[in-house]
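Below is one structure, written out as structure tokens; comments come after it.
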Amino acid sequence: MLFNSLDFAVFLPLVFILYWFVFKRWLSAQNGLLLVASYVFYAWWDWRFLGLIVFSTLVDYAVARGLVKAEKSQKRKLLLGISLICNLGLLGFFKYYNFFVDSWVDAWGRLGVSLSAQTLSIILPVGISFYTFQTLSYTIDVYRKQLKPTTSMIQFATYVAFFPQLVAGPIERAKQLLPQFATPRVFNSEFAIGGVSLIIWGLFKKMVVADNCAFFVNQLFAGSGGYSSAELFLGAVLFAFQIYGDFSGYSDIAIGVARLFGFRLMTNFAFPYFSRDIAEFWRRWHISLSTWFRDYVYIPLGGSRGSKWLQIRNVLVVFIVSGFWHGANWTFIVWGGLHALLFLPLLLQQKNRQYIQETRIQLYQLPRILYTFVVVCFAWVFFRADSLSLAWAMLEDVLSFQSVTLQVFYHSSKSVLLSAITVFSILVLLFYEYRAVQNNQREVILTPYEAVFIAILLVFMGVYKNPADFIYFQF
Amino acid sequence: MRLFLKHIGFVLLLFIGVSSAIAYGSLWALRQGSFYKPSFLERQVASSSFDYIVLGSSTGLTTLNTQVIDSVLGTQGINLSMDDTALSSQYLMLQHFLGSGKQTPVCILAASILDYDVTDPVLSGNDYRFLPYGSEGYVQAYYDSFSDDSAWILSNSNWFPMLGVGYFNVELFYPSLVSLIEPNKRNRFDAYGNYSYPTTTQVSRPIVLRHGKTLQFKNPYFKKIQDLCAVNDITLLVYIPPHKTLAVSTGFTSFSVINHSDLLQDGLYFYDDFHVNGL
């Protein structure tokens with residue numbers, strides 16, 4: 001079920017009413033309702049893959065229970081290994097099997113050895129990268145004795161499948177979210193009102209900003225050539241806003257929906273395009289994933305301790321793995337690698353934490369913000385392009401400065417109209433985000449009149465007939 | 001909870017109120033302008049009696065130029081064809097024409113040849129153009145007769161217009177702003193309802209092969225058009241426009257057919273397989 005669908009518009013109020021009016025005084029029934037609702041939400045897309053979620057849930061629940069009883073280090077490692085193999089095995093099979101087979105055959109082919117291998121027609125289960133990382137964090141935390149495992153199967157299953165964040169995050173840590181399922185819920189109006197405001201803002205980012213950008217991005221990244229340097233550069237800029245509106249919009253809706261049920265999810269995006277360097281960008285972009293990699297990959301590898309070479313290795317590993325998490329394509333690996341190269345100079349000069357305290361931005365910092373945005377846009381070209389060769393070709397065309405015509409934005413009356421809507425919607429986005437940054441807020445907060453204004457823009461500027469899929473569903 | 005419901009209620013009511021007002025205004029503006037054919041027929045076409053009308057899709061729109069026909073025959077006709085529409089839309093247009101109090105003794109039907117044998121018609125891509133007249137019984141009944149999401153939205157827009165105007169915002173809301181500023185602005189048709197596709201080539205390319213296609217006229221809306229014409233004493237004439245790759249035959253029919261499917265022998269005259277160009 002999609003957040004921007006009529007189905008969800010019926011589903012959400014129905015679950016809300018049952019949750020707060022029918023099962024109000026019965027915690028386990030509220031959790032049970034959320035679990036059933038979450039499974040329905042997921043099954044709406046494809047019920048066959050529900051089994052994977054149930055499997056992952058059962059494995060990690062059992063492993064965690066086993067870890068409590070196991071005292072010997074060897075047995076504890078074995079149990080952790082079972083969880084890692086099951087979760088990463090599922091992820092590896094559904095997401096990376098064909099990539100590894102193709103890359104293997106391709107590598108031998110380059111050495112002159114011709115191999116034939118069978119690739120499989122595999123459908124990627126929506127959200128698998130998100131919920132496997134979520135359950136993994138639970139098992140690892142229990143293994144590290146940083147978290148006491150839950151004794152309630154229903155609570156754990158609901159934590160894994162919680163529908164607001166099931167298919168595209170935020171990737172919630174068990175430490176943060178699981179205890180909330182054990183706590184009796186009290187309806188907090190202010191909290192819920194903030195949730196509705198976030199839902200409206202998230203829908204605006206997705207349906208107005210991202211989906212209008214998609215109209216041009218799909219043309220410019222189609223690889224058909226014939227576009228000017230200026231058009232292709234703007235294509236990368238528009239993709240930056242598309243993916244941001246799409247993904248952060250989904251996160252905002254998820255956080256807002258969770259608040260309606262009394263749950264607090266972590267902030268996943270904190271205005272990343274106002275970052276003054278790449279290090280700050282990664283503290284503001286997909287925070288739940290970057291902190292996951294920090295805690296479960298980077299720090300165990302040694303983090304920023306040790307020699308310079310070790311630090312460089314750790315950074316490279318984390319960024320490349322992070323890129324690979326996004327998809328089974330070399331384009332994502334290069335994207336991750338590029339960010340590592342942009343980040344390393346800051347780390348080596350110990351400048352990677354210089355804006356941690358300073359959240360408000362100053363006018364003189366504008367060139368730094370623009371520079372960071374432009375390099376992020378160049379990296380997005382690899383993220384969006386279907387292949388490395390297409391990405392290179394596009395970058396070559398951009399950097400050749402062959403022409404500055406912008407015809408794609410005005411060649412028909414529809415293009416002119418959509419250009420105007422796109423520019424206006426981006427300006428609205430930047431206005432509200434700038435205000436939030438200057439007010440030291442972690443999210444955009446709308447007054448009632450502003451919420452109505454944004455909702456009206458949503459109606460008259462949103463894309464309804466052929467909306468683009470949420471980009472992060474494919475990850 | 002009470003505070004939450006009060007707040008959400010306020011936001012929701014204000015939002016629905018303002019959006020509905022904008023949507024009503026938008027449909028009103030479209031009715032005052034000539035941007036699409038339905039309102040063009042009502043607002044800009046002064047005459048109420050025509051010697052003939054042309055109904056059709058883009059093939060009718062671009063093939064039969066009523067200005068040329070009238071200059072030769074000394075008649076008065078109007079082209080009511082709309083691009084990206086099917087026989088169902090042409091039936092609706094005929095109802096709209098008659099519902100506007102206008103009359104004609106001859107109706108020339110120049111629909112897409114692929115549409116005559118569709119047995120399970122669906123809502124056409126441009127049927128939203130009748131939404132400004134959604135309160136008319138025949139428009140409402142038309143939308144109600146289909147079952148897909150777009151039809152549901154259009155059908156319910158009669159009492160909740162922000163549904164349709166929002167869903168088709170690029171096609172309805174922004175054109176309504178154009179209609180407000182420039183009421184006589186027409187969307188790709190002239191004062192007689194005609195439109196020509198541009199000439200893309202000047203090179204002569206003789207057509208040597210056309211595949212055969214026989215029309216059965218199985219589309220249920222064809223029968224509806226026939227019946228509506230019969231009730232209103234209108235002679236129905238089916239016009240089959242020139243086609244670049246198909247030679248159409250119709251067999252024996254109880255209505256008149258002018259078959260020009262293989263009339264043109266040079267690709268020079270075609271914009272694409274289905275449409276002739278301005279030459």
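The values are calculated or read from the model by the stated rules, or taken from the named source; none is laboratory data. Everything numeric here is computed off the predicted structure, so don't read it as measured data. Counting neighbours? That spans all protein chains shown, and the Cβs are built from the backbone with ideal geometry, glycine included. These accessible areas exclude ligands, DNA and RNA; they are computed on the full protein's heavy atoms, side chains included. Shrake-Rupley method; radii C 1.70, N 1.55, O 1.52, S 1.80 Å.
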Please indicate, with yes or no, whether at least one residue in the range A:451-468 is basic (K, R) and facing chain B (nearest Cβ under 9 Å).
yes
Scan the helices (runs of 4 or more DSSP H) fully inside the range A:1-88 and keep the ones with 3 or more residues being in contact with a Pro (Cβ under 7 Å, 6 or more places away or on another chain) and touching a residue at least 60 places away in the same chain (Cβ under 8 Å).
A:50-69
Quick check on the range B:18-44: of everything there that is facing chain A (nearest Cβ under 9 Å) and open to solvent by less than 40 Å² (accessible area, probe 1.4 Å), which residue is farthest from B:Q95 (Cα to Cα)?
B:S19
Only one residue in A:L417, A:L366 is open to solvent by 20 Å² or more (accessible area, probe 1.4 Å) and in contact with a helix residue (DSSP H, G or I) (Cβ under 6 Å, 6 or more places away or on another chain). Which one?
A:L417
Within the range A:162-186, the residues that are within 17 Å of A:S83 (Cα to Cα) and among the aliphatic types (A, V, I, L, M) are A:A174
In the range B:131-154, residue least open to solvent (accessible area, probe 1.4 Å) [restricted to those that are more than 14 Å from chain A (Cβ to nearest Cβ) and among the polar types (S, T, N, Q)]
B:Q140
Taking the range A:426-467 and keeping residues free of Cβ contacts under 8 Å to residues at least 40 places away in the same chain and hydroxyl-bearing (S, T, Y) leaves A:T447, A:Y449
Just one of (1) among the polar types (S, T, N, Q); (2) surrounded by fewer than 19 Cβ atoms within 10 Å (Cβ to Cβ); (3) more than 20 Å from B:C107 (Cβ to Cβ) trips up B:S47, so point out which.
(3)
The one condition A:D102 fails out of (1) closer than 30 Å to A:L27 by Cα; (2) of a type outside the set (V, I, T); (3) open to solvent by 50 Å² or more (accessible area, probe 1.4 Å) is (1)
Spot the failing condition for A:G336; the list is (1) open to solvent by 80 Å² or more (accessible area, probe 1.4 Å); (2) away from every other protein chain (no Cβ under 14 Å); (3) assigned to a helix (DSSP H, G or I), and only one is missed.
(1)
For A:V398, indicate whether it is away from chain B (no Cβ under 14 Å) and surrounded by fewer than 20 Cβ atoms within 10 Å (Cβ to Cβ).
no
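When you go through A:A258, A:A214 one by one, which is the residue that is open to solvent by less than 10 Å² (accessible area, probe 1.4 Å), farther than 27 Å from A:Q30 by Cβ, of a type in the set (A, V, I, L, M) and under 19 Å from the mean Cα position of the chain (by Cα)?
Values: A:A258 fails: farther than 27 Å from A:Q30 by Cβ.
On inspection, the qualifying residue turns out to be A:A214.
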Return yes when A:F247 is under 30 Å from A:L33 (Cβ atoms), in the same structural domain as A:F431 (by TED's automatic domain parsing) and among the hydrophobic types (A, V, I, L, M, F, W, C) and no when it is not.
yes
Quick count over the range A:158-192, residues being buried (at least 20 other Cβ atoms within 10 Å of the Cβ) and within 14 Å of chain B (Cβ to nearest Cβ), is 1
So which helices (runs of 4 or more DSSP H) stay within the range B:156-253 end to end and still have 3 or more residues that are more than 26 Å from B:I108 (Cα to Cα)?
B:162-167, B:174-181
